[in-house]
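This report concerns only the one structure given below.
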Amino acid sequence: RDGGAVVSTGPLHILDSTFEHCESAGEGGAVISFLGAALSVVGSTFDSCRSSAGGGAIASLGSLTVQSSTFTGCLSQGPGGAIRAYASDNRLAPQDVSVSVVGTRWTNCTSAQDGGAVSFRSGHAEISNSQFVANA
């Protein structure tokens, strides 16, 4: 089962929210955004979120924007200890998915596969003014 706290099939904007100890047997320990829907996360905290398949906190199968947020102790058995973003279901080509991350911090996030903090498979990904601390 995907999305431990939130499942979205349309555009979603998360503002100044806290997700603690969310868990998913699928993707997106706290949040999953399906089918190319745009996901925006601003000023939010993700603490100790887990997923079995990818994106310990967030799985985005479309474009993703993250600003001024923190990810601490997130864990995934799949790609992206905290965030996994990629084109989904062959409906979108990787170049149709963009990722923008600004002023965000990842601490002690872990992935059993790729990207201890983040895993992006997108046409354009940009991370700026962010910190990565003790991720694996």
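The heavy atoms of Leu35 present about 90 square angstrom of accessible area, all protein chains included, probe 1.4 Å. Taking a Cβ cut-off of under 11 Å around Ser24, the surrounding Lys, Arg, Asp and Glu residues balance to a net charge of -1, with basic ones at +1 and acidic ones at -1. Note that the chain presents 44 Å² accessible area per residue, ligands and nucleic acids not counted, probe 1.4 Å. The calculated FRET efficiency for the pair Val102 and His21, based on their C-beta separation and a Förster distance of 35 Å, comes to about 0.85. Kirkwood hydrodynamic radius of the stretch 1-80, from the reciprocal of the average inverse Cα-Cα distance over all distinct pairs: 11.7 Å. Taking every protein chain into account, the 1.4 Å probe leaves Leu15 with about 90 Å² of accessible area, to the nearest ten.
In this simple spin-label approximation, Phe132 and Ser68 carry label points 7 Å from Cα along the Cα→Cβ vector, and these lie 2.5 nm apart.
Within the listed set Ser76, Ser40, Ser111, the residue fluctuating most in the Gaussian network model of the chain (springs between alpha-carbon atoms under 10 angstrom) is Ser40.
For Cα pairs less than 8 Å apart in space and 6+ apart in sequence, what is the mean separation divided by the residue count of the chain, i.e. the relative contact order in percent?
Relative contact order, the chain: 20 percent.
Residues Phe34, Phe71, Phe132, sorted by accessible area with the largest first, give Phe132, Phe34, Phe71 [1.4 Å probe; ligands and nucleic acids excluded]. Of the solvent-accessible surface of the stretch 1-77, computed with a 1.4 Å probe and all protein chains present, 46% belongs to carbon and sulfur. Considering only protein heavy atoms, what is the solvent-accessible area of Ser119 at a probe of 1.4 Å, reported in Å² to the nearest 10? Ignoring ligands and nucleic acids, Ser119 comes out at about 20 Å².
Using the scaling law 2.2 N^0.38 Å as the reference, what is the normalised Cα Rg of the chain?
That ratio works out to 0.88.
The values are calculated or read from the model by the stated rules, or taken from the named source; none is laboratory data. Remember, it's a predicted structure, so these values are computed and weren't measured experimentally. Backbone-built Cβ (ideal geometry, glycine too); neighbour counts: all protein chains shown. Only protein heavy atoms, including side chains, enter the accessible area calculation; ligands, DNA and RNA are left aside. Shrake-Rupley method; radii C 1.70, N 1.55, O 1.52, S 1.80 Å.
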